[in-house]
Each structure stands twice: as C-alpha cells, then as structure tokens.
1. So if we plug the beta-carbon distance of Tyr74 and Val49 into 1/(1 + (r/R0)^6) with R0 = 30 Å, what FRET efficiency do we get, rounded to 0.05?
2. Would you list which lysines come within 18 Å of Lys323, measuring only between C-alpha atoms, while excluding same-chain residues fewer than 8 positions from it?
3. In the chain, what percent of the accessible surface is made up of carbon and sulfur (1.4 Å probe, ligands and nucleic acids excluded)?
4. Considering Cα pairs under 8 angstrom that are at least six residues apart, work out the relative contact order of region 126-188 and quote it in whole percent.
5. Sort the following peptides by mean Cβ neighbour count (other Cβ atoms within 10 Å, averaged over residues), highest first: 256-268, 336-348.
6. Among all the aspartates and glutamates, which ones have a C-alpha under 13 Å from Lys311's C-alpha, if same-chain residues fewer than 8 places away are not counted?
7. With both partners inside the chain, how many of the DSSP beta bridges are antiparallel, as a percent to the nearest 5?
8. Probe radius 1.4 Å, ligands and nucleic acids left out: which of Ser160, Ser240 has the largest accessible area, and how do the rest follow?
Amino acid sequence: MKAQSAALKLKLFEQVAQRIGEAVASGALPPGARLPSVRQMSDQEGVSVSTVLMAYMQLEAEGIIEARPQSGHYVRHAPRDICPEPQMSKPPQSAAPVSVGAAVAKIYEAARDPQIVPLGAAVASPELLPTRRLGRILAALARNEPEAGVSYDMPPGFLSLRQQIARRSFGWGCALSADELVTTCGASEAVQLSLRAVAKPGDTVAVESPAYYGTLQAIEALGLKALEIATHPRHGMELSALDAALKRHKVAAVLVVTNFSNPMGACMPEERKRELVSLLARRSIPLIEDDVYGDLHFGSARPKVAKAFDKQGTVLLCGSVSKTIAPGFRVGWIAPGRFRERVELLKFSSSMATPTFSQMAIAEFLRSGGFDRHLRMLRRHLLIQVGKMAAAVKQHFPEGTRATRPEGGSVLWVELPERVSALELQRRALQARIIIAPGPLFSASQRFENFIRLNCAQLWTPALESAVATVGRLAHQLA
Ligand SMILES: Cc1ncc(COP(=O)(O)O)c(C=O)c1O
C-alpha cells in the first residue's frame, strides 16, 4: 500500500479538537462540562474563531460534545452509543499446557491475502506510521555508513539506540541507563528471553485472562504451563486473585501487559502496579512486564511502567517500536534488571544480534526529533478509530453484545451473546475475506468461546465499516 504519511498531518482545527478530545478522555473535562465559548477558546488557543468552530463541529460529529441551542457546547453524558463492558474474567484455578500455535498461524496466513480486511492481527496501516521518513533515513544510512550496516551488532546492541531508549524511559517513570538495556528483535524476543531467563520447561507462569496469544505461543514453545488469573477489563490483573493463586501454586514468573493490555485494553492503575511489584518482590518472583502499548494512551499522561517501582531488580521490562513506529524493523528491548547477564547470553544464542540497519534507523528517528509529534498524531487517530469501531459494533452486532472501553492501544475486545461461536464466526468471516481474532486464542484453557478481538489500527474507510457490518450480520445469523 502506498504510504501517505503527509496526508496525516493534522490541520490546525484537528489539533484543537485533539487537545479537547484528550481533556475529555482524561476526565479533565468531565461529562456535562460546558466548553469555553467559541470566542474564549479562540483567545485561549490563539487560533481564529472559524478554526474553533470547525474543531467543535468535528467533536460533535464524533459524538464527544453536543451543541445546546442558545447555551453553548457541552461534553456529552454518554459520549457515544456504545455497548456495556464485559465483566471480570473467571479463569479455572489450575495451570495448563498451552496449544494455540496452529490457530494463530491461521490468522497470519490469511493476512497474507492483500484483499483481506485485516481486523485480526493488531497491526497499523502503513499510512499511520512514519513510513516515508524511515525510508529516507534508511537510504541515507545505506549511502553514508554501508559498512556499519552490514556488520553484526552484538549484544547488548546498538549504543545510540540504547541511549535514546534510556532517555525516553524518564517518561515511563524509571530512569534507565543505556547499560541496563539489551536490544532485541521486537518485544516478542524480549518476552521469550525473559521467560527463558527465569523459568525452565515444566514451570508455571501466571498470565492475564485473556492474554495476548503471542505470549501464550511463547509459553507453548518453551514447554511452560500457563496459570490464568482473573483480569478486570479496565484495571488489569486482579491482585487478590493473583495473591490467592500464588498461595496455591509454585509460580516461576508473572507476565503482565500493564498498559493497555492485549486484548482487553486494561491499564493497571499506578497504585496497583506498585502493589504488584511489592507482592512479587516479597516472594522473590520475577515480573515480566510487556509495555508495547504504553505510548498509545488516549488521555494526556503516559502511564508509568511497573518497573518504575522495582527496587530489587526483579522486573524484566520489555518493549518495542512495533506499535508506534515500524513492526517490520523488528526493534525491541529489554531492561532485565538483575537478570541482565543471563539475558545477554541468551540473546546471543537466540538470534546473535538485532539487525544493525534497523537499530541505526530507529536510533536516528528517535534522535532527530518528531517522535512525540508522530505519537500525538497516531494516538489521535487510534482514539477516533477505536471510538468508531465501538459505535459500529453497537450498531451492527446482536443485542446483548458487550465491548471494552480501552483508554489506549489499538484493539477492542468484544463479547458476543453466548450462543455465538467465535471460531465459527471466524470461519464465516474468512469466507467474506475478513479476518478477526477469535477469543479461544487468548486463553490456555480455550475459553472466551463467544469473544472476538477487533483491530482498530487500520484507517477507517467505508470498506472497513462495511466489513464490521458484515461481521455483525454473521454474528446475528449465529445468534
Ligand atoms: C502485548 C504484545 N506484546 C508483544 C507484541 C509483539 O511485539 P513485537 O512486534 O515487538 O515483537 C504484541 C503484538 O501484537 C503485543 O500485542
């Protein structure tokens, strides 16, 4: 697909709308609050009255605010007509071996068809990524430093990339140094190295329920068992359930996507992150934290990572640029705390090195500025697209459907009426050349049979909306 990142530059009115939208999402402008008058807002923002009017019109169209005759503009009480939320999950209390690999392969196989509507994997349209800029950086690197690019870059990885990541870690609440980081081939490798560093085949790892299927695949490949822990759709893993499970089971590690988890979109509040870290530190159980979505917050502040509260070095923090800059570059990292030496050795034996040009290009992209601007744009698009997806699900899916209300990230977790089999829905959707991710993929015990996950990171187009409507129609047939 041809990249069109230039088209994504936000116009002035969109920037104003974005700031207001963020204030609504963060609660700074609560439901029912009156917005400043058009003239006041124009003074406040230093833009023309017509720019403010256009921003207000856009927010009205998105269902975020409403105009009341002779009174002004207000934040809507029910911002959109959306489904109720799913409830806290109730997984079984035993650990189980995992077997999701074959079903996951089906999604990626289908995604190779260029005609397919990709509502399955959580991948962004190239139009939403800094595609052209990265191309220019790569071209310059190939021209100016061809030898550096074709050599191995042994663990711990490219220094200037580690320095850039370390700088950004201030924004995550922890001041990492470049020496504390090892670069990896995406967060997937970071999570696998973490698992290998702290667990051996046959061990049990506690995970969220539902959990990201890539994590379950890694657990499967390493011969580990998964212990699913009850998880709240907004606050993430339930700590009382985890505490109780740790009293019953010997657990080698706990693995959590603390910020905007996949598939629920849950964000663990700061206090709970602190509690999670101390709960595990008391028992000397390592925490593997996957933070690939932390930068994709819809509110104004980037949530901290649990690693920010790690005093003993027992949190292994994994991240990558896959959700924000370029999944194909395969650039990720790990801050392994006290497991650093072991992780470095494992990295060497796992893939020897992270691709050099990829690391150099991402380091240059981060160094030369513009990443925060790009993130603001991406978050704005995701906020709108998740909202549109939630509204489309409400409109087209059967009565009784529930859906999450993520405050960041790029996926929606949808609970269909009980009779609807997600696997059958996936089969029928595939015949209509639409790929969705069925619930059982996200569980070691193959639960969530009537759930699906929808990817919201593709540009919202009439074709995409019609695909969502088709999935809704198929769900009606199964209901
Ligand atoms: C929670 C989570 N972790 C890791 C990954 C994979 O990241 P990467 O492409 O950096 O390996 C994904 C991709 O969907 C994800 O959702």
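1. Values: r = 19 Å, r/R0 = 0.63.
The formula returns an efficiency of 0.95 here.
2. Counting by Cα, and skipping residues close in sequence, Lys323 has these lysines nearby: Lys304.
3. 52
4. 26
5. Details: 256-268: 28.5, 336-348: 19.1.
Result, highest mean first: 256-268, 336-348.
6. Glu275
7. Numbers: 26 of 45 bridges.
Counting DSSP beta bridges with both partners in the chain, the antiparallel share is about 60 percent.
8. Working: Ser160 45, Ser240 75 Å².
My answer, sorted largest first, is Ser240, Ser160.
The values are calculated or read from the model by the stated rules, or taken from the named source; none is laboratory data. Note that this is a predicted model, so its numbers are computed, not measured. When we count neighbours, we look across all protein chains shown, and the Cβ atoms used for this are built from the backbone with ideal geometry, even at glycine. Protein only, heavy atoms only, side chains kept; ligands, DNA and RNA dropped before computing areas. Shrake-Rupley method; radii C 1.70, N 1.55, O 1.52, S 1.80 Å.
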